[in-house]
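Let me begin by presenting the structure, written as structure tokens, before commenting on it.
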Amino acid sequence: MNIIIDAFGGDLGPRAAIDGALMAMNERSDIKVTLSGDEEKLKAEIEAAGAAGRFSILHAPAVIDGHDDPTSAVKNKPDSSMMTGLRVLSEGGGDAFISAGNTGALFAGGTLIVKRLPGVKRGALAPLLPSKDGLFMLIDAGANIVCTPQMLMQFGVMGSIYMRMVKGVSNPRVGLLNVGAEDTKGTELQLEAYKLLSGADINFIGNIEGRDVPYSAADVVVTDGFTGNVALKLYEGLAKVLMGSVKDVFMSGTKAKLGAMMVKDSFMDLKKRYDYKEVGGTAFLGIKKPVFKTHGSSDARTFYSTIINVSDYVKADVTNEIRKGIEASDTDRKVQNI
């Protein structure tokens, strides 16, 4: 498979993407990587990495930065590393696309250039996050600030397919994030979404409260993009505070340092479990071809994890499974056929 990477989207420059790609290609021989960006600069970085001849290059002289307006960037920077990669993906020149660049621009480009799957109301940002017993998906985590009940139902379907096909969860539990567990709780959005999710061909377990999410209450947590993004940022911030606080305790005195030495391995395992570098990038679900967003500060390890995740996604043919799942749950079509 050929994975296209926006080599100039991240904060650390193309070398992080190159080193991470080499790690993935050395592990899986079926992975090929095409780098999108300034050709001369990429050739120099590839040479410096001792990897001459191992990458294909898409020449793209411009770069979309974090301050660019997403929609304007799609129109005004067609020769950017991001838009060039997305265009080649849409034309069949690759199997998937990864970028650590501007999230809004990537979502706009994925929607306008690669386009949504038939029947999908909106694509969704679907990060995997750590919980007590493993990983869960939060969908939508910020792509759609305003959502409809139909969109939330589709998020549940798409998330369930991903967790089953990529993460091997046999019957993913899908929960609706709400202010209470009762089916009478929430605004009109949650009330109507509850009804649609209940009728979908998924393992919908009902409403779940925010405090239960870290305790592995569901494998897929469905919510609108506004609430999801707030939850995501709170989750990330709290994890950093807790890890930092534990470290401060261990460094607070001689006895604490001795204790830290005794539990060092266990603490490092815990830290690794909550490290986004190990989880890898986030899928934009609902797009015709796999488009993944990875963290802006992604290093080689993060790119490696993302590429492996993308490889699993492509092999499982998740996009086609989502297409079939959305078609089967298309309530508008079902109403017309009655």
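The values are calculated or read from the model by the stated rules, or taken from the named source; none is laboratory data. For clarity, every value in this text was computed on a predicted model and none was experimentally measured. Counting neighbours? That spans all protein chains shown, and the Cβs are built from the backbone with ideal geometry, glycine included.
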Criterion violated by L42 - all others in (1) within 24 Å of the chain's Cα centre (by Cα); (2) surrounded by 22 or more Cβ atoms within 10 Å (Cβ to Cβ) satisfied: (1)
Scan of region 92-116 for residues that are in a helix (DSSP H, G or I) and either within 22 Å of E39 (Cα to Cα) or not β-branched (V, I, T) (or both), ordered by number: G104, A105, L106, F107, A108, G109, G110, L112
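Do we find that D19 is buried (at least 16 other Cβ atoms within 10 Å of the Cβ), among the charged types (D, E, K, R) and assigned by TED's automatic domain parsing to the domain that holds D299 in this structure? Before the answer, list the steps.
Numbers: buried (at least 16 other Cβ atoms within 10 Å of the Cβ): yes; among the charged types (D, E, K, R): yes; assigned by TED's automatic domain parsing to the domain that holds D299: yes.
Considered against the rule, which asks whether it is buried (at least 16 other Cβ atoms within 10 Å of the Cβ), among the charged types (D, E, K, R) and assigned by TED's automatic domain parsing to the domain that holds D299, D19 comes out as yes.
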Given (1) more than 21 Å from S329 (Cα to Cα); (2) of a type in the set (A, V, I, L, M, F, W, C); (3) in a helix (DSSP H, G or I), number of the condition I145 does not satisfy: (3)
Strands (runs of 3 or more DSSP E) wholly inside region 158-277 containing at least 1 residues that are touching a Lys or Arg at 6+ places or on another chain (Cβ under 6 Å): 203-208
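Residue under question is A283, and the condition is that it be modelled with pLDDT under 95, touching a Phe, Trp or Tyr at 6+ places or on another chain (Cβ under 8 Å) and closer than 19 Å to I161 by Cα; does it hold?
On the way: modelled with pLDDT under 95: yes; touching a Phe, Trp or Tyr at 6+ places or on another chain (Cβ under 8 Å): yes; closer than 19 Å to I161 by Cα: yes.
In short, yes.
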Residue in region 87-104 that is surrounded by the most Cβ atoms within 10 Å (Cβ to Cβ), counting only those that are of a type in the set (G, A, S) and touching a Pro at 6+ places or on another chain (Cβ under 7 Å): A96
Leading residue by the ranking (surrounded by the fewest Cβ atoms within 10 Å (Cβ to Cβ)) among those in region 50-84 that are of a type outside the set (S, T, Y) and in contact (Cβ under 8 Å) with a residue 60 or more places away in the chain: G66
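L189 - would you say it is out of contact with any strand residue (DSSP E or B) (no Cβ under 9 Å at 6 or more places or on another chain), in contact (Cβ under 8 Å) with a residue 12 or more places away in the chain, more than 26 Å from T103 (Cβ to Cβ) and not charged (D, E, K, R)? Spell out the reasoning first.
Details: out of contact with any strand residue (DSSP E or B) (no Cβ under 9 Å at 6 or more places or on another chain): yes; in contact (Cβ under 8 Å) with a residue 12 or more places away in the chain: yes; more than 26 Å from T103 (Cβ to Cβ): no; not charged (D, E, K, R): yes.
The answer is no for L189.
Which of the residues spanning region 1-12 are surrounded by fewer than 19 Cβ atoms within 10 Å (Cβ to Cβ) and touching a Lys or Arg at 6+ places or on another chain (Cβ under 9 Å)? Can you show your working first?
Residues of region 1-12 surrounded by fewer than 19 Cβ atoms within 10 Å (Cβ to Cβ): 1-2, 11-12.
Hits for region 1-12 are M1, N2.
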Within region 35-58, tally of residues that are out of contact with any Ser or Thr (no Cβ under 8 Å at 6 or more places or on another chain) and among the hydrophobic types (A, V, I, L, M, F, W, C): 7
Residue in region 79-86 that is out of contact with any His (no Cβ under 6 Å at 6 or more places or on another chain) and either more than 24 Å from A124 (Cα to Cα) or at pLDDT below 95 (or both) present: yes
All positions within region 1-47 that are of a type in the set (G, A, S) and without any contact (Cβ under 8 Å) to a residue 60 or more places away in the chain: G13, S29, S36, G37, A44
Qualifying residue in region 294-304 (condition: closer than 24 Å to G13 by Cβ, at pLDDT 95 or above and touching a strand residue (DSSP E or B) at 6+ places or on another chain (Cβ under 7 Å)): no
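Per-residue answers, yes or no, for (1) under 13 Å from the mean Cα position of the chain (by Cα); (2) crowded, with 24+ Cβ neighbours inside 10 Å; (3) part of a helix (DSSP H, G or I); (4) on the phi > 0 side of the Ramachandran plot:
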position: A283; (1), (2), (3), (4): yes, yes, no, no
position: S297; (1), (2), (3), (4): no, no, no, no
position: T302; (1), (2), (3), (4): yes, yes, yes, no
position: S305; (1), (2), (3), (4): yes, no, yes, no
position: D312; (1), (2), (3), (4): no, no, yes, no
Residue check, M137 under 18 Å from E209 (Cα atoms), within 18 Å of the chain's Cα centre (by Cα) and either in the same structural domain as L234 (by TED's automatic domain parsing) or part of a loop (DSSP other than H, G, I, E, B) (or both): yes
